[in-house]
Amino acid sequence: MAPWERIFAHVDMDAFYASVEIRDDPSLAGRPVVVGGSPGARGVVSAASYEARRFGIHSAMPMAEAVRRCPRLVILPGDFAKYRSVSEQLMEIFGRYSPAVEPLSLDEAFLDLSGTRRSLGPADLLGRRIKEDIRSATRLTASVGIAPVKFVAKIASDLEKPDGLVLVAPGEVEAFLRPLPIGRLWGVGPRTREALEAIGIRTIGRLAAADRKLLVGRFGRHGEHLHDLALGRDAREVVPDWEARSYSHEETFARDRADAEFLEGVLLDQAHRVSRRLRRDAVCGRTVQLKLRFSDFRTITRRETLSRPTADASVIYRTGRDLFARHWAHGAVRLIGIGVSGIVPAAAGSLDLFTDREAEERRQRLAEAIDRLDERFGRSTLLPAKVLRAREGDGPHPRRPPRGA
Amino acid sequence: MKFSTSQSGFQKALHLVASVVPGKSTLPILETVLVEVSPAGEVTLTATDLDISVRVQRAGEVEEGGRVAVAARRLHDVVRELRDAEISLTGEESGLTLRCASGRYRFVGAPVDDFPGLPEIPDQKPLQVDPAKMERMVRQTLYAVSTDETRPELTGLFLSISDDQMSMVATNGHRLARASLSGAFKQKREMLLPPKALNQLLRLIGDADGPLEISGSKNYARIRIGSTQLYSRLLEGPFPDYEKVIPKSNPLRAVVRREDLLASLRRILVLSDSQTRQVKIMLEPGRLQIMAQYQGAGEAQEELPVDYDGTPLTIGYNGGYLLEMLKTFDGERVEMAFQSAVSAGLFKPAELQPDEDLLCLVMPLRLPGDDAAG
C-alpha cells in the first residue's frame, strides 16, 4: 500500500438538527421528523430525519411539499441555540485531533490529520475514535470519510450514511472515484452535469478518461479543474476556521414581494445582523454578496469585492443595495439575502481614532440587546420601522413561545 | 553647451536627481535628466516623475550655455564609475558628450521642449526651518501614515503652520503622531505632503548645504535646501480634525525607561500573533507586565519597573505600533497616559527640547473576552 502523505477527514453529523430533537424527545424516535419553517409561511426543510427521508423529503424542500409527501410529518421550529451548543462540543472534539479544522457548517467539518496520525495512530482507528468521542459526548452519530485528498474525504463520508466510516487509502483514490456518478464531484452542479452527460460522461471514471483538451475546449479552466478532480488530484488544503467562513442572512417571504422600499428595508435589517455577527467574532469581510430568488425559483447571486474588509452595517447595506439596484428588474422576489465572505481578522484589531466611541458603544449595546431578544423569542423581534411598515400586510411572523425564563 | 566640472560634485548632483526618475515610465522624457547651463556659470540638473521634481544647482566652468535632456540612469551610471577628477561636457539638442582622460561618452538627447516645466510657486515669505529639526520631525511622524489608498487623505503628512508653531501630523486611523516646533513663523499655512516627497526630503537633508525653506501654492509645495529644490504635488484633503481626538485628560500616568520597553517589545513580539501583533499590557503600581501569545508558536511575558501609582489597568495594543513609535523617540524615558482599555493611550518622550514637542496616540486593541464597554 502506498504511504499516506496527507490525510484528511470529513466529519458530517447524521440528520443533525432532527437527530438532536429526537435525542431530546424520545417520543419522536421512529417518526418522520423535520426541522424548518411552517408550511403556511412557505418555510423550507432545514433537516430531515432518516424516517422522513424515506418519503423523499430532503433539506431545502418547501415545507408544503414535504407535508404533501408525508401528512403525519412532525415539524419542529428548531432550536438554534441548542444546535450551536452541540456544535461547540463537536468543534472541541475536532480540536483534539487536529489544529487545522475547517467547519463547513454547525455540524460538518474538514480535519487535516496529516500531522496527527503519527501520534494518534492509524487512519481507520482515528476515524473510529472521532466517531466514538462524538457519540459519548453528544449521544449522536456522525459519518466520517478519510482520504489522502480533501474532496475525496467529503465524498467518502457521504457514502455510508448514517453512522458510516469510509476510508480511501492512498493508491485507491482513482478506483474509488471511478464508478461514482459525476454529480458527486465538488463543482459539478446540475448544469455542468447536464453538459457532461450530453457528451456521454456519466461517471467520474469516464471523466478521468476523457480528453483533457476537449474538456478545456468545452469548459475552459473549469474543465481542467474537473479533470484533475476526476483523477483524484486536488491541492486544496484545510482552511482553518474563520478563513473559510462567510456570514449571511436570508429570508423567504410569506408572499412574493416586488416593492423596492420593502426589499431594501429587509436588506438593511439583514446587513445589521450580518454586521453584528462579524463584530461579535472580531472579523471583517472583503466581499459582499446579494442573493435573490424570484417567483419562478430562478436564483441569482451577485457579489462585489470591497477595497478593504469591513464589518460596518452601512457599508454592507450600501454595497448590497447597489447590487440590488443593478440586478433587480422589478420582478417579484421570493427570497432575498445578503452575505459577507473573504473573512479576515478585524482591521489589525486596533480601535478607530476617528469614530465616536460612545455612539458606537450605544449602537453595539442596542444590537446585542436585540440579539438576545431574537434568541429568546425567535427571529426578528425588533425591526426598523421601515421594514415593519412594509410587512404589515404579511400577517404575524412565525414565532415560538419564549423558552424558559 | 560647453562646461567642465569636478567628477565628484557632478556625480553627487546626479545622484540626488536620479532618485526621482521613475524606473519605467510611459513618458520617455521622464527617464531623462535635464541639464541646463547658464553663461553665468551655473549648472542645473532637473528630474521629475510629474508628482515630485528635484532640481540641483552646482557651479561649473561654463564656456557656453545651453540645454539638453539625456537618459538619467545611463549618465549617472557612467559618471559614478569615472576615476577622473575633472570632466568636460559638450552638448546640443541631439545629445551630450562627456570627455575625460579615460575616454569619451556620448548620450543621445531627447527633445528638450518635451521636458515638463516645474510648477510656479510664488516666492513670497518662505518658511525657514533648521534642517536638523525638520529631519527629526519627519522621522518622528512619517512612519504613522496610512498605506490604505481608499483613504488617500490619511496617506499624507499634514504640515500646519501658525504664527508661533509648526506641526507635522500623521495618522492611519488607529495611531497618530504629531511633532511640533515653536518659532516665530508669522504665517498660516496647511499642506498635505505625500510620503514619497518626504522620503526624498530626508535624502536631500542628509546632503544639506544650507537652511531649509518651505513655500507653496494651492497644489504644490517647494522645499529649498541650499542650492537644491524639491517640488511636490500636494495631496487632497481634508485631513481629519485630529485635534479633537487628542484626549484632554488621561489620568493614569506612567513613566518607563524607553530602552527597556523597546527591547522588551522586540522580544515579546516574536511570540505575538503575526496578523494582529497583539500584546497585552498590565499596569499596576510599580509594575508593568507585557504579554503576548500566538497559537501554535508559544507565549511570552516580561515585567518592567514603572513609575505608576494609579489603579490597575489591562490594555491591549498592536505591539508593532508601539515599537515603531518608540524607535522614533529620543531621550531616556517615555511618558504614557491612559484613561481606559478602549480609549486612546497617549505617549511622549519624557525629555524634550524646549522648542519641540512630540505626542503620539495609539488606540488599543480589544482583548478577547473584553466586555463591549471595556
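The values are calculated or read from the model by the stated rules, or taken from the named source; none is laboratory data. Since the structure is predicted, the reported quantities are computational estimates derived from the model, not experimental observations. Glycine also receives a Cβ, built like all others from the backbone with ideal geometry; neighbour counts cover every protein chain displayed.
Among the residues of segment B:324-344, count how many are of a type outside the set (D, E, K, R), out of contact with any Cys (no Cβ under 7 Å at 6 or more places or on another chain) and within 14 Å of chain A (Cβ to nearest Cβ). Number satisfying all stated conditions: 7.
Here B:Arg203 qualifies as closer than 30 Å to B:Glu120 by Cα, out of contact with any Cys (no Cβ under 9 Å at 6 or more places or on another chain) and in a helix (DSSP H, G or I). Taking segment B:256-284 as the range and being touching a residue at least 24 places away in the same chain (Cβ under 8 Å), loosely packed, with under 14 Cβ neighbours inside 10 Å and in contact with a strand residue (DSSP E or B) (Cβ under 8 Å, 6 or more places away or on another chain) as the test, the residues that pass are B:Arg267, B:Val270. You will find that of A:Leu104, A:Leu125, A:Leu111, A:Leu140, the residue that is free of Cβ contacts under 8 Å to residues at least 12 places away in the same chain and not hydroxyl-bearing (Ser, Thr, Tyr) is A:Leu125 and no other. B:Gly310 passes all but one of (1) within 13 Å of another protein chain (Cβ to nearest Cβ); (2) in a loop (DSSP other than H, G, I, E, B); which number fails? If we test B:Gly310 against (1) within 13 Å of another protein chain (Cβ to nearest Cβ); (2) in a loop (DSSP other than H, G, I, E, B), just (1) comes out false.
Counting only strands (runs of 3 or more DSSP E) that sit wholly inside segment A:1-52, those with at least 1 residues that are under 18 Å from the mean Cα position of the chain (by Cα) and under 30 Å from A:Asp256 (Cβ atoms) are A:33-36, A:45-48. Of the residues B:Leu181, B:Leu198, B:Leu202, B:Leu127, the single one that is more than 14 Å from every other protein chain (Cβ to nearest Cβ), out of contact with any strand residue (DSSP E or B) (no Cβ under 9 Å at 6 or more places or on another chain) and touching a residue at least 60 places away in the same chain (Cβ under 8 Å) is B:Leu202. Screening A:Arg279, A:Arg293 for residues that are outside the structural domain of A:Ser105 (by TED's automatic domain parsing), assigned to a strand (DSSP E or B) and touching a residue at least 24 places away in the same chain (Cβ under 8 Å) leaves exactly one candidate, A:Arg293.
Within segment B:147-158, restricting attention to residues that are surrounded by 15 or more Cβ atoms within 10 Å (Cβ to Cβ) and in contact (Cβ under 8 Å) with a residue 60 or more places away in the chain, the residue that is farthest from the other protein chains (Cβ to nearest Cβ) is B:Gly156. Of everything in segment B:165-188 that is of a type in the set (Lys, Arg) and assigned to a strand (DSSP E or B), the residue that is nearest to B:Arg233 (Cα to Cα) is B:Arg178. Condition first: assigned to a loop (DSSP other than H, G, I, E, B), in contact with a helix residue (DSSP H, G or I) (Cβ under 9 Å, 6 or more places away or on another chain) and not small (Gly, Ala, Ser). Can you find one or more residues in segment B:150-164 that meet it? Checking segment B:150-164: not a single residue is assigned to a loop (DSSP other than H, G, I, E, B), in contact with a helix residue (DSSP H, G or I) (Cβ under 9 Å, 6 or more places away or on another chain) and not small (Gly, Ala, Ser).
Restricting A:Ser275, A:Ser314 to those that are small (Gly, Ala, Ser), surrounded by fewer than 16 Cβ atoms within 10 Å (Cβ to Cβ) and under 28 Å from A:Arg372 (Cβ atoms) reduces the list to A:Ser314. Out of curiosity, is A:Val315 closer than 30 Å to A:Arg365 by Cβ, of a type in the set (Val, Ile, Thr) and within 14 Å of chain B (Cβ to nearest Cβ)? Judged against the criteria, A:Val315 is a match.
Please go through segment B:313-342 and give me each residue that is part of a loop (DSSP other than H, G, I, E, B) and either closer than 26 Å to A:Leu353 by Cα or at pLDDT 95 or above (or both), ordered by number.
First pass over segment B:313-342, keeping only residues part of a loop (DSSP other than H, G, I, E, B): B:328-332, B:339-342.
Hits for segment B:313-342 are B:Thr328, B:Phe329, B:Asp330, B:Glu332, B:Gln339, B:Ser340, B:Ala341, B:Val342.
For the subset of segment A:57-80 comprising residues that are part of a loop (DSSP other than H, G, I, E, B), free of Cβ contacts under 8 Å to residues at least 60 places away in the same chain and within 21 Å of the chain's Cα centre (by Cα), which member is farthest from A:Thr141 (Cα to Cα)?
Keep residues of segment A:57-80 that are part of a loop (DSSP other than H, G, I, E, B), which gives A:57-61, A:70-73, A:77-79.
Keeping just the survivors that are free of Cβ contacts under 8 Å to residues at least 60 places away in the same chain gives A:57-61, A:70-73.
From what is left, the residues that are within 21 Å of the chain's Cα centre (by Cα) are A:57-61.
Numbers: A:Ile57: 20, A:His58: 19, A:Ser59: 18, A:Ala60: 22, A:Met61: 24 Å.
Among them, the one singled out is A:Met61.
Here B:Leu89, B:Leu82, B:Leu118, B:Leu96 are screened, and the one residue that is touching a residue at least 12 places away in the same chain (Cβ under 8 Å) and within 31 Å of the chain's Cα centre (by Cα) is B:Leu118. Looking at this structure, is B:Gly310 touching a Lys or Arg at 6+ places or on another chain (Cβ under 8 Å), surrounded by fewer than 16 Cβ atoms within 10 Å (Cβ to Cβ) and outside the structural domain of B:Gly173 (by TED's automatic domain parsing)? Judged against the criteria, B:Gly310 is a match. Give the residue, chosen from B:Arg287, B:Arg333, B:Arg366, that is over 18 Å from B:Val255 (Cα atoms) and either crowded, with 16+ Cβ neighbours inside 10 Å or not aromatic (Phe, Trp, Tyr) (or both). Being over 18 Å from B:Val255 (Cα atoms) and either crowded, with 16+ Cβ neighbours inside 10 Å or not aromatic (Phe, Trp, Tyr) (or both) holds for just one of B:Arg287, B:Arg333, B:Arg366, which is B:Arg366. Tell me, yes or no, whether segment B:314-322 has at least one residue that is within 14 Å of chain A (Cβ to nearest Cβ), in contact with an Asp or Glu (Cβ under 8 Å, 6 or more places away or on another chain) and polar (S, T, N, Q). Scanning segment B:314-322 turns up no residue that is within 14 Å of chain A (Cβ to nearest Cβ), in contact with an Asp or Glu (Cβ under 8 Å, 6 or more places away or on another chain) and polar (S, T, N, Q).
Residue-wise test of (1) surrounded by fewer than 18 Cβ atoms within 10 Å (Cβ to Cβ); (2) of a type in the set (S, T, N, Q); (3) farther than 17 Å from A:Val144 by Cα.
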{"site": "A:Ser49", "(1), (2), (3)": "no, yes, yes"}
{"site": "A:Ala52", "(1), (2), (3)": "no, no, yes"}
{"site": "A:Met63", "(1), (2), (3)": "no, no, yes"}
{"site": "A:Leu76", "(1), (2), (3)": "no, no, yes"}
{"site": "A:Pro103", "(1), (2), (3)": "no, no, no"}
{"site": "A:Phe110", "(1), (2), (3)": "no, no, no"}
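For segment B:1-42, the set of residues classified as assigned to a loop (DSSP other than H, G, I, E, B), closer than 22 Å to B:Leu198 by Cβ and either of a type in the set (Val, Ile, Thr) or in contact (Cβ under 8 Å) with a residue 40 or more places away in the chain (or both) consists of B:Ser19, B:Val20, B:Val21, listed by residue number.
The single condition from (1) buried (at least 16 other Cβ atoms within 10 Å of the Cβ); (2) under 24 Å from A:Gly43 (Cβ atoms) that A:Ala258 fails is (1). Restricting attention to segment A:128-146, the residues that are buried (at least 21 other Cβ atoms within 10 Å of the Cβ) and closer than 20 Å to A:Ser114 by Cα total 5.
Looking at the structure I just gave you, is B:Ala47 in a loop (DSSP other than H, G, I, E, B), under 20 Å from B:Thr228 (Cα atoms) and among the small types (Gly, Ala, Ser)? Here the answer is no, as B:Ala47 does not meet what is asked.
Conditions (1) away from every other protein chain (no Cβ under 12 Å); (2) assigned to a loop (DSSP other than H, G, I, E, B); (3) at pLDDT 95 or above, marked per residue:
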residue	(1), (2), (3)
B:Ser249	yes, yes, no
B:Ala254	yes, no, yes
B:Leu261	yes, no, yes
B:Thr276	no, yes, no
B:Met282	yes, no, yes
B:Gln301	yes, no, yes
B:Lys348	yes, no, yes
B:Glu351	yes, yes, no
B:Cys360	no, no, yes
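Being outside the structural domain of B:Tyr220 (by TED's automatic domain parsing) and more than 23 Å from B:Leu201 (Cα to Cα) narrows it down to one residue among B:Leu45, B:Leu14, B:Leu89, B:Leu34; which is it? Among B:Leu45, B:Leu14, B:Leu89, B:Leu34, only B:Leu89 is outside the structural domain of B:Tyr220 (by TED's automatic domain parsing) and more than 23 Å from B:Leu201 (Cα to Cα).
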